[in-house]
Every structure is written in structure tokens, then in C-alpha cells.
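J.: Input: one structure, supplied below.
Taken together, the values in this text are just the output of simple stated rules run on the coordinates, not laboratory data. What you see is a predicted model, and the numbers here were worked out from it, not measured in a lab. All Cβ positions, glycine included, derive from the backbone under ideal geometry; neighbour counts span all protein chains shown.
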Amino acid sequence: MPNPSIPSGTLTLIKGSPNPNGARDVQLYLCQGDPAKAPIRRIVPAQGLSLPAPRQDLTERPFRLKILHINDLHGHISRFTPYGDRPVFSKIVWRLRQVRQKRYYTTDTAILAMSAGDDLIGSVFDELLGDEANDKSIHAGYQLYSAAGMDVGTLGNHDLDMGTAQLARAIEHQARFPILCANLTGCRRLAGLVYPAAVLVVKGIRVGLIGLITPAGIKPQLDSGLHIVNPVQVAHNILPALRPLCDVVIILSHLGYSLDTSSASVREAGDVELARSLPPGSVHLIIGGHTHTVLNEQGLSARNIVNGIPIVQAGTLGRFVGEVDITLNPKAAVTNARLTAVADLPVDKAFEEAEVQPLAKMAHPFFDRALGKVDNHPDFDTDTVRNCFSTGESALANFITDALVSRCRVKGHDVDLAVLDAPNVRCGLPGGGELTFGDWFNLMPFADTIRLFWITGRQLKALLQDNACRIDRPGDPHTERGFLHFSRQLRYKIELGNSRPQAKAFAITVDNIPLDEQLERSFLIACSSFVRQASRSWEKYVAQFTKLPLLDIHVWPRL
């Protein structure tokens, strides 16, 4: 984060403290300043500080830098199932320790471990952070990464979901490795905790690292000064000054694979577009995240070498650990890249017992807490949710939307109705049994915010017509099209017609009054921040290959 005392166009290089459990024989140097404001003309070491000179023996004996990388773990350090806990991160630790122990005393090999962000949101371990930053808050991911020997990480969009106060405390108290993010600026809480770039000198090899975060999917922050700057611009601002100081330059990116990727929203640039824009020889590797893309499972693919820069990414939820070798001979080049399936790895039992299980014992009471009973209704079944949730009205969706209206009103927001996007719901509930927090967490595991919109009756009518075109039709394969469910205040019917463009919404009422009599009325709508995000790939397809007009609700002003 920027330091106001550092002049524009300058970064200051300070000495940092590397993770004591991380790479052997390593020195950490951190860049202070704001490359988001202006091109960096120079990087100035702090008084009395200097970077080590480059090694002179690389022509005689090649050096190998081995990198183990993960991304988008989303807190899945262990999976709670009806059949017991299923370790995840302890298997990754087993592989990291195996590689490090094998080469611990060598002078021609070094091992670094890195995370490309989204280390939070999506598991019950998120609950250990609590609602407010305090002495009891625990970021399970950062705590375990530190114990395992993670050397560096970047921020993902979901790492901000719990708020910058929570994130700042987690970095300060649980992350014993540097967090890098060059294009996040203006956040006072993260000042002095997040840095734009770093240089790790490991066994004499100078490894430059830059962190970048996507502007897509950033939850609104109380820290209103926070701003995400175009990542390509910031990379170009910082690289000319950083590259001469390094033998290897790596970008830790949470941008997503490319603008064409459909698995997540990618804005301004993905790794492919970033790589295309960079000067030749400026970057040796981009380690990616955000789109949960599985790259190079069987070795580095030619399609993932863009402008001479290899791009790697290791899926999501700890299903893979990525491994990359960079050989310096004396020039640096990626000579090996592949993924290892975590399910095939053994568990590091000592790490699981000493580090993971104490956190699991703290998380289990949240997961197992009883909330009530579930009716034995067919709409609550997981098969029904996954196969029929976008085919029409659902009792489960009705319950969720009605509850959202009720809770908004209790909190003083007099909403008229609520909207639920079908992809918000990931599974069903145990029909006829007890409902636990874990059941509901699995149903809706996302840390979405509730957004409030004002729309007119005319806009609401257009939204319902648009929704009729998004319903799952008989004979059509299901994909996420953004079909919306509404609370009880709104009732309507859909006539499918002979084709999707002919679908029609009719018999529309709000509060039992025909909508056509309320076209000039303003309605306050509650929905999640995730609404119509998962349907973007289908919307792109429709725009490219059909003439079906679709409504973009993201242009509506929100409170």
C-alpha cells in the first residue's frame, strides 16, 4: 500500500522478515510506494540497504528454482462430510515438505511456495474470523500457510469479502509471509501490510514478485478510499524499474485466465491479455487464479505460453497443487510445469494433528449447530435443486426470498420484494430432518452482500420479460442463464411459446395489484451481490450468436 511520504514515481526498498518456516537461505526485500499513480522511474533502497549482487557461477552450473503454487483454496483446508473430516491442505503440505527436504542442503536448487489469492470465503472456517476484528479472530488459511512455509501471496477479490478491517488484522497477526498487491490503492487499513512488489533473494538468486488483483467481484467496502486500478497499466508502471534488479520476475495474478473465460467475471484484462501487453523478457512466469482454471495438468501447454510467458493456474478448492521449475543457465526459463492431484497425495499427519485439527475443533460447533427442522418437501431435495431450480417456481426459493424480505424489514429497510439468482443455491437440504448451520452453509456458501435497488414498474416489467427468456426450457441442456426467483409480493406466469425469444411474462401482480397499474411506481428491490454473475458466459454467447435481446441489470443504480 502507498506511503504518502514516498514521492510519486519512486518505490523505496526496505528489508522484510521472511517466513521462518519457508524457504532456506532467503532474504526478503519489500517495495513501498504507489505504482498505481504513475510510472516508477526508480526503486531506492532504504538507507544502508543494498541488494546482493547477481551470482556469477550460473554459467558453470545451472540453478533450478522450484515453485509450488496454489490458488482459490477458499478456506477448504479440510472438508467436513457425514463420513468424517477429509484433509486437503495437509496433503499439499506433505508435497511441499517432501520437495524441500529432498533439496534442503543443495546450493543449486531453491523451493518457493506461493498463493495466488482467494484464500478465504467458501468454507465454515470463515466463521473463525467472526463478524468483527478482535483478539479471537482467526484467519485459518493464513495461519496454516504460515506454519506450512508459504513464502508469498497475493490478494483475491474474495479476500476482501469480510472487510478490510478483518483482512488487516489477519495479515498482521496470522500471515508470516508478505502479501503483494500493486493495483490496490487508497486503503488506509492495509497501509504497511500489503506491498506492491517484493524481491526474494534465495540462495543468491534474486526473484522479483508483483501482485495483481482483479477489479471484478469486489465487495463494497466501508473503507471508501479503496480503489482497484487497471492491472495492465500498473504492471507497465512497475516492471521497467523492477526488472533490472532481478534474475527472475514472477507476477502473482488474481486476474483470471482471459477475458474470454466464462467460469468467472474477468474485467479489463486476464493473464492472457496481460502477457500479450508485456515487453519481451520482462516477466518469466505468471501464476494465476480467480477463474479456477486447470492449466498444464499434463505439462506446460503451448497455448499457455503467451508472448513467451508461461501462464499457470491450479484449479480451485485444493484439488491440485501446481509445480513449476525455472532453470537459470544463466538466462532464466521455465523448463517444467505441471499439476499434481491433491487427492493422490498422502496426508502430513504431524501437520494435520498439530495445526489443522485444533482449528477444525473450533469450526465444528459452527458447522454442527442446529437451526431447526426441514419439511419433507420435494423442492428441498438436492437432485431437484440441481436439475429443476431454473424451470419455474420453487418452494425453497420462495422460503429464501421471503426470509430476505423479512430480515431487510427488521433491519429498517422497507423493501418491496426480493430477488434470488438460481446459481446462489448450490444444493438442497436434508428433507424431514434437522437443519444445521453446515447444511445451510453448503446450500449458500458465498459471502455475498445484500444490495438494494430502486426500479420503476416499467423496469420491473422488462425484468420479468427478460426472465421469461432465461427459464430452462424442455429439451434444452441446463446452463446458468440467470433465471431469477422472486418473493411472495410478486406473482406472475410464463408462457414458453415455441422458442426462447417468444417466451412471455403475463398476469403480473405486485401486492395483488396488476403491475400495469403501477408502471410509474418505484420499487425497492433486495438481492445478493452475486446476482446475474454466473450467467455472463451464456449472455456472451447469446450476444455473439443470436438476436435475443437481454436486459443488463448491472446498469441500475443501487443504494
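J.: Among LEU58, PRO378, GLN166, flag the residue with its Cα farthest along the positive direction of the charge dipole of the chain, charges on Cβ as +1 for Lys/Arg and -1 for Asp/Glu.
T.: LEU58
J.: Ranked highest first by average number of other Cβ atoms within 10 Å, how do 199-205, 43-49 line up? Intermediate results must be reported in sequence, preceding the final value.
T.: Working: 199-205: 21.7, 43-49: 12.6.
Going from most to least packed, we get 199-205, 43-49.
J.: Name the residue farthest towards the positive end of the dipole of the chain from the options TYR105, LEU463, HIS478, assuming +1 on Cβ of Lys and Arg, -1 on Cβ of Asp and Glu, about the Cα centre.
T.: After comparing all options, I get TYR105.
J.: Moving on to the next point. Using the Cα centre of region 370-555 as origin and beta-carbon charges of +1 (Lys, Arg) and -1 (Asp, Glu), tell me which of THR401, GLY431, GLN502 is placed farthest towards the positive end of the dipole.
T.: Of the listed residues, the answer is GLN502.
J.: Filter the trypsin sites (Lys or Arg not before Pro) in region 117-195 down to the DSSP loop ones having no more than 11 other Cβ atoms within 10 Å, then list what survives.
T.: Numbers: sites: LYS136, ARG169, ARG176, ARG188, ARG189; in loops: LYS136, ARG176.
Hits after loop and neighbour filter: LYS136.
J.: Report the longest stretch of the chain that contains none of the GluC sites (Glu not before Pro) sitting in a DSSP loop with at most 10 other Cβ atoms within 10 Å. Intermediate values should be presented prior to the final figure.
T.: Details: sites that count: GLU60, GLU520.
Longest run free of exposed loop sites: 61-519.
J.: On to the next question. Once the Cβ-Cβ distance between ALA395 and SER50 is put in as r, and R0 is 60 Å, what FRET efficiency do you end up with, to the nearest 0.05? Numbers along the way, then the final one.
T.: On the way: r = 68 Å, r/R0 = 1.14.
That pair, ALA395 with SER50, gives E of 0.30.
J.: Hey, got the Cα dimensions of region 134-198 along the principal axes, in Å, largest first?
T.: Answer, in whole Å and largest first: 29, 26, 20 Å.
J.: At a 10 Å Cβ-Cβ cut-off, how would you order LEU212, LEU317, LEU184, LEU429, fewest neighbours first?
T.: Least to most surrounded, the residues fall as LEU317, LEU429, LEU184, LEU212.
J.: Here's another thing I want to ask about it. Rounded to the nearest 20 debye, what is the charge dipole size of the chain about its Cα centre when +1 sits on each Lys and Arg Cβ and -1 on each Asp and Glu Cβ?
T.: Details: 58 positive and 56 negative charges, 303 e Å.
It works out to roughly 1460 debye.
J.: When all C-alpha to C-alpha distances in region 370-555 are sorted into bins of 10 Å, what percent of pairs does each bin hold, rounded to whole numbers?
T.: Using 10 Å bins, I get a P(r) of 9, 36, 37, 16, 2 for region 370-555.
J.: I need to check one value: relative contact order of the chain, counting alpha carbon pairs closer than 8 Å and at least 6 residues apart, in percent.
T.: Values: 1281 pairs, mean separation 77.0, N = 559.
Over the chain, the number comes to 14 percent.
J.: Now a separate question. How many nm separate the modelled label positions at THR107 and ALA370, each set 7 Å beyond the Cα in the direction of the Cβ?
T.: The modelled label-to-label distance comes out at 6.7 nm.
J.: Using the beta-carbon distance between ARG473 and GLU132 and R0 = 45 Å, what value does 1/(1 + (r/R0)^6) give for FRET efficiency, to the nearest 0.05? Walk me through the numbers on the way to the answer.
T.: Numbers: r = 46 Å, r/R0 = 1.03.
Computed FRET efficiency for ARG473 and GLU132 comes out at 0.45.
J.: How do SER78, SER522 rank when sorted from fewest to most other Cβ atoms within 10 Å of their own Cβ?
T.: Numbers: SER78 24, SER522 12.
Starting with the residue having the fewest Cβ neighbours, the order is SER522, SER78.
J.: Give the distance, in whole Å, between the Cα centre of region 336-406 and the Cα centre of region 489-507.
T.: If we compute the Cα centre of each part, the gap is 33 Å.
J.: Could you compute the longest span of the chain free of chymotrypsin sites (Phe, Trp or Tyr not before Pro) located in DSSP loops and having at most 13 other Cβ atoms within 10 Å, not counting the site residues? Walk me through the intermediate numbers first.
T.: On the way: sites that count: TYR83, TYR104, TYR105.
It runs 106-559.
J.: Still on this structure: Can you put LYS547, LYS15 in order, fewest other beta carbons within 10 Å first? Before the final figure, lay out each step's value.
T.: Numbers: LYS547 7, LYS15 12.
So the ranking, lowest neighbour count to highest, is LYS547, LYS15.
J.: Report, as a whole number in µm² per second, the diffusion coefficient that Stokes-Einstein gives for the chain at 20 °C and 1.002 mPa s using the Kirkwood radius over alpha carbon pairs. Show your work: numbers first, answer last.
T.: On the way: Rh = 25.1 Å.
Diffusion coefficient, whole number: 85 µm²/s.
J.: When the helix-only estimate is applied to the chain (DSSP H runs of n ≥ 4, each -39,500 (n - 2.57), divided by the residue count), what is the mean residue ellipticity at 222 nm, nearest 500 deg cm²/dmol? Could the numbers behind the result be given before it?
T.: Values: 11 runs with 117 residues, N = 559.
After summing the helix terms and dividing by the residues of the chain, the value is -6500 deg cm²/dmol.
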